[in-house]
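**Q** Before we start, here is the structure in question, set down as structure tokens.
What follows draws every value from the coordinates through simple rules; no lab data is involved. Here the structure is a predicted model, which means the values were calculated and not measured. Heads up, the Cβs are rebuilt from the backbone with ideal geometry, glycines too, and the neighbour counts pull from every protein chain shown.
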């Protein structure tokens, strides 16, 4: 396996401690094990049933809390039949657990004793939990404005919480400064192993159905990229004929990917980090923006943005049907009216985070 820089094109041997290129560019992992339907572990309901397709040492003991195997719930949304992938039912309440489990397994196998991360909440909580499971010390840099509920969850696992004033990007700068002086950066954005955890969602969907379209929230776009990688692995294995159409949804007040999409651009320009109830997609400078744009175009999908009012209405509407998600998850549902004419066939919406992480509906 090799690491390829997406900026300068430099190649280097795979090293789980290497989270970005010397030039500062993001890395992609090439030469990962292929998906083989005959090697899926029977009887295992977690993501580890696909262990053969994960780029991990054979001797590495999984750092696991039982992640994966989330339900696929059927629901009709204003006459549109949907299947909802309930990723908010992962151990720490979000889809981030898939990437974290794979990354922490690799870092634990490499003998890492302490890690740092930056997060508005879900990734930090996930890292804190899996670090605790592995016996690894964790420090999480969070924007000071991040949900107090999420900050409390991070601290509850025993991680140190470093609250950073200012916009989300300041927490990213703070953790990079820590990484520059030797901390192991377990980044849910930079580290290429994260996508390999996320791709197991595509494998699980294939186990049950073959979606024609998948709709997801998009901040940095790691979930969308993981799905693209997983579906491409399935296509290469002959399990599906083509990658489903991928649709990414952002908050209107902070939508750099959508702005680039509207321009027909291949790169993303920074935008002002406007306030939004969907804090998980409040990303002004998506690190892997060109990758996200290319993946969406290649799939025949699209990128759209929704207003907070529509997001909160979708969150309430879904809760009244028994599914309680945070606003970041609800952006995907709020976008369905914009996408209705482009969906068709089997449509899956990924519900990324639990409503228990948000105070938006408390008392409603």
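**Q** Do you know the relative contact order of the chain, to the nearest whole percent, from alpha carbon pairs under 8 angstrom that are 6+ apart?
**A** The value is 16 percent.
**Q** Set the Förster distance to 25 Å, then compute FRET efficiency between residue 114 and residue 2 from the Cβ-Cβ distance, nearest 0.05.
**A** After rounding to 0.05, the efficiency reads 0.40.
**Q** Using alpha-carbon pairs under 8 Å, 6+ residues apart, how would you state the relative contact order of the stretch 239-337 in percent?
**A** It comes to 34 percent, rounded to a whole number.
**Q** Taking just the alpha-carbon atoms of the stretch 221-357, what radius of gyration and Dmax come out, in angstrom?
**A** 14.9, 44
**Q** If you average the sequence gap of Cα pairs under 8 Å that are 6 or more apart and divide by the length of the stretch 96-185, what percent do you get for the contact order?
**A** 30 percent
**Q** Each label point is 7 Å from the Cα along the Cα-to-Cβ direction; what then is the distance between the points at residue 137 and residue 11, in nm?
**A** 3.9 nm
**Q** Provide the FRET efficiency to the nearest 0.05 for the residue 39-residue 298 pair, computing r from the beta carbons and using R0 = 30 Å.
**A** 0.65
**Q** With a Förster radius of 30 Å, plug the Cβ-Cβ distance of residue 145 and residue 180 into 1/(1 + (r/R0)^6) and report the FRET value to the nearest 0.05.
**A** In this case the efficiency is close to 0.75.
**Q** Need the full-extension length gain, residue 52 to residue 18, defined as separation in residues times 0.36 nm minus the C-alpha distance. One decimal, nm.
**A** Working it through step by step, the gained length comes to 10.0 nm.
**Q** So, one more: Among (i) 32, 21, 20; (ii) 44, 30, 16; (iii) 27, 24, 21, which one is semi-axes √(5λ) of the Cα gyration tensor in Å computed from these coordinates?
**A** Label of the calculated value: (iii).
**Q** Quick one: Kirkwood hydrodynamic radius for the stretch 96-185, alpha-carbon pairs, angstrom, one decimal?
**A** 12.7 Å
**Q** Here is a further query. Given the C-alpha atoms of the stretch 1-130, compute the convex hull and give its volume per residue in Å³.
**A** In the stretch 1-130, the Cα hull volume divided by residue count equals 164 Å³.
**Q** In nanometres, what is the gap between the two model label sites at residue 275 and residue 76, each 7 Å from Cα along Cα-to-Cβ?
**A** In this crude label model, residue 275 to residue 76 measures out at 4.0 nm.
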